[in-house]
Amino acid sequence: LAQGQLLISAESELTRLHSTTISDSVAMRITGERPAGLDTIRTPGGDLTGLNLSDMSDLADPTTGLLGERYFVITLEARVAAARRHLRPLALILLEAVHDPTGSAPSIDAVIAADVIRETLRDADTLCRLHNGRYAILLEDTPENGAIWTVERIRRRLGEQLDDVAVWAGIACYPANGFDGPEVLDRARTALDQAREWRQDRTEVADT
């Protein structure tokens with residue numbers, strides 16, 4: 001889809017979230033207007049941030065046309081809530097692909113990576129590009145082994161398109177590794193950090 005269409009889709013999704021019980025919880029976490037003891041939502045960068053839902057400026061990534069970090073942070077909580085409601089698993093993959101991980105590890109071409117990952121996923125899955133250049137993938141109705149297989153397919157496809165590519169991935173699943181969006185995200189970030197300690201392809205799954 002074109003970036004304009006993605007923005008329209010994202011704005012529609014935010015409107016839907018606003019009008020549901022799910023959005024009430026998400027909005028309280030994002031704006032900080034929350035019941036006592038409820039943490040604000042945690043961004044992929046790891047810092048606690050208040051996001052303005054009316055600001056649509058970075059819903060899409062301008063380089064790749066993928067949905068952006070703001071959309072990811074908002075929709076993660078809704079996807080976990082839906083998985084909880086329907087008693088189904090949800091997998092989160094945080095993925096980084098680089099050239100020559102033994103050196104300065106420059107990221108691969110973002111457009112090529114976005115196209116390869118997008119073609120590998122199902123229509124029901126969600127792909128976003130984060131501010132730090134990594135990719136966040138939400139896999140509906142998918143447990144740990146399905147997420148691992150998805151990473152392997154992405155790694156294989158990237159290797160067919162580019163030389164000297166290393167793929168690091170961190171996987172966390174609801175409910176195996178966390179019971180809400182921020183917890184699942186934190187576990188995936190930790191798993192990715194562990195994967196990045198290797199100087200070669202590596203997929204790490206969050207501890208149960």
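The figures follow:
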read-out	value
Scope segment 45-62; condition modelled with pLDDT of 55 or more and surrounded by 12 or more Cβ atoms within 10 Å (Cβ to Cβ); matching residues	58, 59, 60, 61
Residue list for segment 86-114, restricted to those being farther than 22 Å from residue 186 by Cβ and open to solvent by 60 Å² or more (accessible area, probe 1.4 Å)	86, 87, 100, 102, 104, 106, 107, 109, 111
Subset of segment 156-181 (residues that are open to solvent by less than 20 Å² (accessible area, probe 1.4 Å), in a helix (DSSP H, G or I) and in contact with an Asp or Glu (Cβ under 9 Å, 6 or more places away or on another chain))	181
Answer residue from segment 69-85, given it is among the basic types (Lys, Arg) and touching a residue at least 60 places away in the same chain (Cβ under 8 Å) and is least open to solvent (accessible area, probe 1.4 Å) among those	79
Long-range neighbours under 7 Å by Cβ, at least six apart or interchain, first residue more than 12 Å from residue 64 (Cβ to Cβ) and at pLDDT below 95 within segment 95-116, second open to solvent by 60 Å² or more (accessible area, probe 1.4 Å) and of a type in the set (Asp, Glu)	99/164; 100/164
Given (1) buried (at least 22 other Cβ atoms within 10 Å of the Cβ); (2) at pLDDT below 95, index of the condition residue 65 fails	(1)
Among residues of segment 116-137, those that are open to solvent by 60 Å² or more (accessible area, probe 1.4 Å) and of a type outside the set (Lys, Arg), counted	5
Given (1) assigned to a loop (DSSP other than H, G, I, E, B); (2) farther than 19 Å from residue 152 by Cα; (3) in contact with a strand residue (DSSP E or B) (Cβ under 7 Å, 6 or more places away or on another chain), number of the condition residue 101 does not satisfy	(2)
Meets criteria (closer than 29 Å to residue 87 by Cα, part of a helix (DSSP H, G or I), among the polar types (S, T, N, Q) and at pLDDT 95 or above) for residue 142	no
Subset of segment 182-201 [of a type in the set (Lys, Arg) and part of a loop (DSSP other than H, G, I, E, B)]	196, 199
Scope segment 182-200; condition touching a Gly at 6+ places or on another chain (Cβ under 9 Å) and open to solvent by 10 Å² or more (accessible area, probe 1.4 Å); matching residues	186, 187, 189, 190, 193, 194, 196
Test set (1) modelled with pLDDT under 95; (2) under 15 Å from the mean Cα position of the chain (by Cα) - residue 191 fails condition number	(1)
Subset of segment 138-155 [open to solvent by 10 Å² or more (accessible area, probe 1.4 Å) and under 16 Å from residue 72 (Cα atoms)]	140
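The values are calculated or read from the model by the stated rules, or taken from the named source; none is laboratory data. Here the structure is a predicted model, which means the values were calculated and not measured. With ideal geometry, Cβ positions are generated from the backbone for all residues, glycine too; neighbour counts draw on all protein chains shown. For the accessible areas, the whole protein counts, side chains as well, though only heavy atoms, and no ligand, DNA or RNA atoms are used. Shrake-Rupley method; radii C 1.70, N 1.55, O 1.52, S 1.80 Å.
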